[in-house]
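Reading through the structure tokens given below for one structure.
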Amino acid sequence: MRRSAKVPFFGLAPDKTGRAERKNTRLLKNHIVLCGYGTAGQDLAAALLLEGIPFVVVEMNPQNIHRAREHNLHVVYGDVLNEAVLKEVAIDKAKAIVVSFGESSSVAQVVRGVRRLGPQAMIVIRARYERDVAWLYELGADSVIMEELEVSAEMLRVILGHLEVSPDIIKTHLERIRARKEFLVEQSILKKLK
């Protein structure tokens, strides 16, 4: 069976409803593509709105789509793994794409698609685990935010603060955690150079 060029191989195609919204989305340039409108996506969207930075949300969860539309945001219902969705949100004219969900295999497909269709766009990825950081950088991500690192840093800050450990000592511990991430990044860069 031959696969048609119009049938997406990965992911859900963009929703064909809301044509005016789609037209406006295609006119965007120098914008941010925000993949996911869960808690992290909503926090980032609020900051982008307050700063007057144009962005579009890509989401598949109907409740999150409803919430984004209640907030009068540009939102595309579809799967960012689908190249038609990336084209729909004008990835070729975007400044950056932020992937706020952390499923490793899905994220890898997004990075490949963005590098192919919008190589100018900065790619910021959320990774669940430390083991994913290096290979996501190797794949082409510009910044990988690691959940494990952020959670461990915040827990350390809270508990040591509660135990009245001096802020300077807490800072030293936080710097140690950050240095571990920097080491992972440096290792992936060195692998690219070999």
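Laboratory data are not the source of any read-out in this text; all were calculated from the coordinates shown. Worth saying up front: this structure is predicted, and the values here are computed from it rather than measured. Cβ: placed from backbone, ideal geometry, glycine included. Neighbour counts: every protein chain shown.
Model label sites at residue 159 and residue 95, defined 7 Å from Cα along the beta-carbon direction, differ in position by 3.9 nm. Think of each Lys and Arg Cβ as +1 and each Asp and Glu Cβ as -1; about the Cα centre, that makes the dipole of region 106-191 roughly 380 debye. Label zone of residue 176 (point 7 Å out along Cα→Cβ, amide N under 20 Å): in region 97-133 this covers 130-131. Packing around the peptides 102-109, 88-95, 170-177, taken as the average count of other Cβ atoms within 10 Å per residue, puts them in this order, highest first: 88-95, 102-109, 170-177. Considered as an equivalent ellipsoid built on the Cα gyration tensor, region 28-67 has semi-axes of 18, 12, 7 Å, the largest given first.
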